[in-house]
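Since the structure comes first, as structure tokens, the remarks are kept for the end.
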Amino acid sequence: MPRAAAATESTGCDRACLDGMMDKYLTAMAAHDPSKAPLAPDVQYAQDNVRLKIGQALWATISGLGHYRHDFDDPEEGNVGAITVAYENGVGAILIVRLKVVNHQITEAEQFVAHDPHGAAEYEKMGKPDPRWLEPIPADQRETRAALDQAAYMYLEGLQLNDGKGVYAFTPDCQRTEDATYTTNRPHPQNYGHADETVDFTSLNCTDQYKLGFLGFTTGVRDRRFLVTDVERGAVLASSYLDFDGTVTSIKLTNGQVWHVPHYFMVPRTNIANEAYRVEKGSISRIEMTMYEIPFNMKPAFP
């Protein structure tokens, strides 16, 4: 029996089935009615790293779903993820969801809500993912699950050790978005993040950005988890925790410029980064990121 067929048989849910499970979960949440979703009696649910009961948090406050949705499917493990848009009392937010499906029941539901109306509006303008994300990797060129996860791990390793001396695996046409805004290959430099001074960062490609060493104020990238590994599309939906302990106040970039770290990062903070990677022949071609602040040194609800 082919591996894909064996995987589907073991989990009971192929790609279409997993996408349907996500449909039912989101629809039930928008209706404030858990009975509309195939939830296991002992389903484990968490939002923003806190274990809760189904019906709490976004289940209680959601007022509608947006149009943008980017799904990730792993029939072998029974995992499905989505980057999408939801509304709370009419205000847009970016929603990242991971579901675990066993025997056609949802046994785990983990979600993250970035309260970023601007980012949600940009996603709605985008309407759908870059088509590159949705192209199946030719069967004879697909990476193993371990290789895809390793590519994601090394991206985060490069972020943690951002001294400009690493070996960075990006395609020449790599693009990154953060909250639906392009932060690579822009025609003109612009302020990035909480920076008060302009650094030629967003106009660079993915490789040159890492080689600049600009992200060296990140003092830790921990609890790296691969929520969904989509072998067919060469994609990984990952989650990690970026620590900024406040001890790095300036950075000498590899171009000789001394960059003064914004005051935002001069006190202990942690941001959770939920981001997806498209991997082609070992190199990352697309990155889709959402990041927001959580309590310093917070841990994930699911190990």
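In this structure, does A238 turn out to be more than 22 Å from N49 (Cα to Cα) and either of a type outside the set (D, E, K, R) or at pLDDT below 90 (or both)? Walk me through it before giving the result.
Details: more than 22 Å from N49 (Cα to Cα): no; either of a type outside the set (D, E, K, R) or at pLDDT below 90 (or both): yes.
Judged against the criteria, A238 is not a match.
What are the residues in segment 87-107 that are touching a residue at least 60 places away in the same chain (Cβ under 8 Å) and farther than 16 Å from S239 by Cα, if any? Explain how you work it out, then say what you get.
So the first thing to find is which residues in segment 87-107 are touching a residue at least 60 places away in the same chain (Cβ under 8 Å), and the list is 94, 96-99, 101-107.
Passing the criteria: V101, V102, N103, H104, Q105, I106, T107.
What strands (runs of 3 or more DSSP E), lying completely within segment 201-303, carry at least 2 residues that are of a type in the set (A, V, I, L, M)?
Numbers: elements: 220-230, 235-244, 250-252, 258-260, 269-280, 283-294.
Hits in segment 201-303: 220-230, 235-244, 269-280, 283-294.
Restricting to segment 251-303, and then to whatever is over 18 Å from the mean Cα position of the chain (by Cα) and of a type in the set (S, T, Y), can you tell me which residue is nearest to L237 (Cα to Cα)?
Y264
Hey, among I62, I54, which residue is touching a residue at least 40 places away in the same chain (Cβ under 8 Å), aliphatic (A, V, I, L, M), touching a helix residue (DSSP H, G or I) at 6+ places or on another chain (Cβ under 6 Å) and more than 17 Å from R233 (Cβ to Cβ)? Can you show your working first?
Numbers: I62 fails: touching a residue at least 40 places away in the same chain (Cβ under 8 Å).
I54 is the lone residue from the list that is touching a residue at least 40 places away in the same chain (Cβ under 8 Å), aliphatic (A, V, I, L, M), touching a helix residue (DSSP H, G or I) at 6+ places or on another chain (Cβ under 6 Å) and more than 17 Å from R233 (Cβ to Cβ).
I'd like the full set of residues that are among the basic types (K, R) and over 16 Å from N162 (Cα atoms), limited to segment 238-271. Can you show your working first?
Step one: list which residues in segment 238-271 are among the basic types (K, R), which gives 252, 269.
Answer for segment 238-271, where residues must be among the basic types (K, R) and over 16 Å from N162 (Cα atoms): just R269.
Scan (1) more than 16 Å from I96 (Cα to Cα); (2) within 21 Å of the chain's Cα centre (by Cα); (3) of a type in the set (A, V, I, L, M, F, W, C) for the single condition F72 breaks and write down its number.
Only one criterion is unmet by F72, namely (1).
Cβ contacts < 9 Å: first residue closer than 30 Å to V228 by Cβ and modelled with pLDDT under 95, restricted to segment 248-276; second residue hydroxyl-bearing (S, T, Y) and part of a strand (DSSP E or B), any location; separation 6+ or different chain. Result?
Partner pairs satisfying both residue conditions: none exist.
Exactly one condition in (1) more than 14 Å from S283 (Cβ to Cβ); (2) touching a residue at least 12 places away in the same chain (Cβ under 8 Å) is false for P138; which is it?
(2)
Scan segment 212-241 for residues that are β-branched (V, I, T), touching a residue at least 60 places away in the same chain (Cβ under 8 Å) and touching a strand residue (DSSP E or B) at 6+ places or on another chain (Cβ under 6 Å) and report the count.
Within segment 212-241, the subset β-branched (V, I, T) is 218-219, 221, 228-229, 231, 236.
Then drop every residue that is not touching a residue at least 60 places away in the same chain (Cβ under 8 Å), which leaves 221, 228-229, 231, 236.
In the following step, the residues that additionally are touching a strand residue (DSSP E or B) at 6+ places or on another chain (Cβ under 6 Å) were identified as 221, 228-229, 236.
Adding up the residues that qualify gives 4.
Are there any pairs with C-beta distances below 7 angstrom linking a residue in segment 148-162 that is assigned by TED's automatic domain parsing to the domain that holds I272 and assigned to a helix (DSSP H, G or I) to a residue that is among the basic types (K, R) and modelled with pLDDT of 95 or more, with the two at least 6 apart or on different chains, and if so which?
Y153/R224; L156/R224
Hey, does segment 124-137 have a residue that's of a type in the set (V, I, T) and crowded, with 21+ Cβ neighbours inside 10 Å?
Let us first name the residues in segment 124-137 that are of a type in the set (V, I, T), namely 137.
Add one more test, that the residue is crowded, with 21+ Cβ neighbours inside 10 Å, and what stays is none.
No, every residue in segment 124-137 fails to be of a type in the set (V, I, T) and crowded, with 21+ Cβ neighbours inside 10 Å.
The values are calculated or read from the model by the stated rules, or taken from the named source; none is laboratory data. For clarity, every value in this text was computed on a predicted model and none was experimentally measured. We place every Cβ from the backbone using ideal geometry, glycine too, and count neighbours over all the protein chains shown.
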